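Below is one structure; the comments refer to it alone.
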Amino acid sequence: MDIVVNLFHGLLTALQPSNFGTMLIGLAVGVVAGALPGISFVNAMAMALPFTYLMTPLSAMVFLGGIYAGGVFGGSISSILINIPGTPASLPSCWDGFPMTRRGEAARALTLAIAASATGGLASALLLSFAAPPFARLALAFDQPEFFAATFLGLVSIIAIAKSTPWISLVSLFCGIVVGSVGVDPLYGLPRLTFGIRSLQNGINFVVVMIGLFALGEVLEMLGQRHHLQGATNKVRMRFPSVRELWALKGAAARGTGIGCMIGMIPGAGATVGAVIAYGVEKQASPRGAEFGTGVEAGLVAPEAAKNATTGAAMIPLLTLGIPGSAATAIMLAALVLHGVTPGPLLFAAQTDMLYTIFASLLLANLCMIGAGVVVARGFASLMRVPPTILGAFIVVLSVVGAFGVRNNIADVYICLSFGVIGYLMKRYDFPSAPLVLGVILGPLAERYFMTSLANYDNNLTIFFTRPISATILGFASLFVLWALIPDIKGKVLRLLSGRTRAR
Amino acid sequence: MSGGDSSWRPVAAPLAFLVTAAVLTRFVTDRPEAAAAMARGIAGPTTWPTIMLYGVVVFALAWTVQRVAQVLRRREGPGLDSPATPPATAGGARVWLGIALVLAYGFALPVLGFALATLLYLVLWLLLGGVRSPWQISLVSLIGNTVLLYLFVKLALMPLDRGAGWAGDLTIALYRFLHIY
């Protein structure tokens, strides 16, 4: 009951014009920054951090919370419209969102993504409000082996995503992990796989690979097809899906939200792991799983809901334990520390009003995201009327600027362009690029957790199986692999048996 | 991935991955002695990439075996397990020209600067894409370039390359003209 009263008071404070306005500005900044490839909402949060000096701690958190909620969704706009994930977590939105755009259903894809993101975000903000302390205790039981197990779960979800070509997908995934390990080793400081090239010592950033493979690969393929010279003549009308249409996707949204909330609470796993696992699980659970990748709505809704469901959940370890689980929550921690606020269990007793106003603002941000998302997406959707030759020309320029902007380094542009050519060849020869990108994103995380686990536990490899939570997550990973592969194996055995029967 | 109909070509790609990864396991670091000295038990700076390269080897081997089995089955009885049709080479020459143009654009950036290189790239790309109207080409490249400069140089304050020598001077003059410097 106390929680409801506190949340109500928090809601009243959050609705005060100054707080509400700050949240709306943050939300708009987040959606736009998330939608621009290479800029990303984390950069926007980092750039906004100095401005929070001038604010109260509450306004600072409301502002950054707005950017966070809006930015996590914003990345999907460019994923859906031009096949460039604005943020790594928006990668799965390309897989079914972009095919919908190609089918002329850009507006529908965008509105479904907005609705799913808002649903996931709202649920996770409610979880944050009502269940933060008990879940924080659970998060406290996580150590490096558990973080590794969670990242491993994200990596094995690729089995479900690309089970029709498992060996090729696994080769692609491992190649991605190898690419992610290029550069100076984070623990020992020794360059690996650099072959004496100095610019490779900084490593290969996943954003650069992602932009190259998806954006440039797509543009080059588009160039080979003459019929793309004319843009869509119809204006993209943003009609919000009806309640009945949304209700039909309730299962996908609920599964995505649940997975996002669970994964979001694990520090270090974050929105990308959540979205990828949600996509993999949905592919298994959906009756249209075999059609995933061709523009299936459930394949877009589940990762969208999961992605935003991680936002509130990620703030649980931040606020209750002072553990930031991602770059975005680390910036929020910095803002709190800058204002002399120490996150932790005592915060709930000492600054209850402020905390519940933050929770209420996050709820409001997810509600207002529907409006902000529609406005920004409508602006971006008008891109669909531009002839693809012209659009492609600017996608290349944006990709180059985006790659350069990651670290203000021209070497990243060369790497991006190289991956653009590789992306085109992968498309042409049907070599799956999604596992490779997933490997580049999650590989360095998995390496860090794996190596620190070994360092912390006397090089004991069994530590991953003897710690209960880690073993449980790895058990889930094994079950997931079996769940994904058993129908295929069963089908092959049945086909083999029926073939032999016919031969007799 | 697809390959030829009855030849061993489909086996080439997985074999290439297998051999490349196997060779790379020997060249993970330029300083193997230092890596060996840093290693404690199984954990060392080269442990992770080496394990992952062995992962590539193992799965590329499985892929190779699968391809070999497919080729053998096809030789035994045509029609069985027929390979995917080779990819269409739609606009092949144009795509390769596009790749060359995109790569040239990237390498021209430090020499000509972002403004000039982007302008030239936009004009050439539009011509390659089949746009022939001089008005359309001029308007798109000039207005587009100006908008990009305002967005990234003026608003986002990105330190985009200005170019070397005369190109650098030209870029600064352009920035002054546009009031973004």
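In peptide B:65-72, how many Cβ atoms from other protein chains are near each Cβ within 10 Å, on average?
1
Distance check, please: which entries in A:Lys283/A:Lys427; A:Lys307/B:Lys154; A:Lys307/A:Lys427 exceed 29 angstrom between their Cα atoms?
A:Lys307/B:Lys154
Rounded to whole Hz and in sequence order, give me ³J(HN,Hα) for region A:387-402 from the Karplus expression 6.51 cos²θ - 1.76 cosθ + 1.60, θ = phi - 60°, writing x for Gly and Pro.
Each residue's phi maps through the Karplus curve to give x, x, 4, 5, 4, x, 4, 6, 5, 4, 5, 4, 5, 5, 5, x Hz.
If a/c stays under 1.5 just call it rounded; otherwise compare a/b with b/c (prolate if a/b is bigger, oblate if not). Do that for region A:73-213, with a ≥ b ≥ c from the square roots of the Cα gyration tensor eigenvalues.
Because a/c hits 1.5 or more and a/b fails to exceed b/c, region A:73-213 counts as oblate.
Taking the Cα centre of the protein assembly as shown as origin and charging only Cβ (+1 Lys, Arg; -1 Asp, Glu), how large is the dipole, in debye to the nearest 20?
1800
Answer rounded, prolate or oblate for region B:9-76, using the Cα gyration tensor with square roots of eigenvalues a ≥ b ≥ c: rounded when a/c is under 1.5, else prolate when a/b is larger than b/c, else oblate.
Here region B:9-76 falls in the prolate category.
For a quick check of understanding: with a 1.4 angstrom probe and all protein chains in place, what accessible area in square angstrom does A:Tyr279 have, to the nearest ten?
10
Over the whole of A:186-196, what's the average partner chain Cβ count within 10 Å per residue? Rounded to a whole number, please.
That works out to 6 on average.
Can you give me the Cα centroid spacing of region A:166-214 and region A:329-348 in angstrom?
That distance is 34 Å.
Beyond 46 Å, what share of the Cα-Cα pairs of chain A remains, rounded to the nearest whole percent?
Summing the P(r) tail past 46 Å for chain A gives 9 percent.
Order the peptides A:251-263, A:303-315, A:423-435 from the highest to the lowest mean number of other Cβ atoms within 10 Å of their residues.
Top to bottom by mean Cβ count within 10 Å: A:303-315, A:251-263, A:423-435.
Name the residue farthest towards the positive end of the dipole of the protein assembly as shown from the options A:Val401, A:Gly212, A:Val5, assuming +1 on Cβ of Lys and Arg, -1 on Cβ of Asp and Glu, about the Cα centre.
In the protein assembly as shown, that residue is A:Gly212.
Could you tell me the center-to-center distance, by alpha carbons, between region A:421-479 and region B:97-127 in angstrom?
Centre-to-centre (Cα) distance: 38 Å.
Tell me whether chain B comes out rounded, prolate or oblate; compute the Cα gyration tensor, take square roots of the eigenvalues as a ≥ b ≥ c, and use a/c under 1.5 as the rounded threshold.
Note, shape of chain B comes out oblate.
Report, in whole Å, the centroid distance computed from the Cα atoms of region A:8-73 and region A:272-292.
Region A:8-73 and region A:272-292 have Cα centres separated by 31 Å.
Averaged across B:158-167, how many Cβ atoms of other chains sit within 10 Å of each residue's Cβ atom?
The mean count of partner-chain Cβ atoms within 10 Å per residue comes to 2.
Considering Cα pairs under 8 angstrom that are at least six residues apart, work out the relative contact order of region B:9-76 and quote it in whole percent.
49
List the residues whose amide H sits under 5 Å from the amide H of A:Ile204, counting only those 5 or more places along or on another chain, with H placed 1.01 Å from N in the peptide plane.
For A:Ile204, the qualifying residues are A:Val182.
Please give me the summed charge of the neighbours of A:Phe214: other residues whose Cβ is under 12 Å from its Cβ, Lys and Arg +1, Asp and Glu -1.
-1
What is the local net charge at A:Asp458, summed over the other residues whose Cβ is closer than 15 Å to its Cβ (Lys, Arg +1; Asp, Glu -1)?
+1
Give a quick list of trypsin sites (Lys or Arg not before Pro) in region B:122-181 that DSSP marks as loop, anything other than H, G, I, E or B, with at most 15 other Cβ atoms within 10 Å.
Those that pass, being in a loop and sparsely packed, are B:Arg132.
Express the carbon and sulfur contribution to the solvent-accessible surface of region B:92-177 as a percent, rounded to the nearest whole number, probe 1.4 angstrom.
77
In whole percent, what relative contact order does region B:92-177 give with Cα contacts below 8 Å and a gap of six or more residues?
It rounds to 39 percent for region B:92-177.
The values are calculated or read from the model by the stated rules, or taken from the named source; none is laboratory data. As the structure is a computational prediction, the values presented were derived from the model and not from experiment. Neighbour counts are summed over all protein chains in view; Cβ atoms, including those assigned to glycine, are modelled from backbone coordinates with ideal geometry. Heads up: the accessible areas ignore ligands, DNA and RNA and are worked out on the full protein's heavy atoms, side chains in. Shrake-Rupley method; radii C 1.70, N 1.55, O 1.52, S 1.80 Å.
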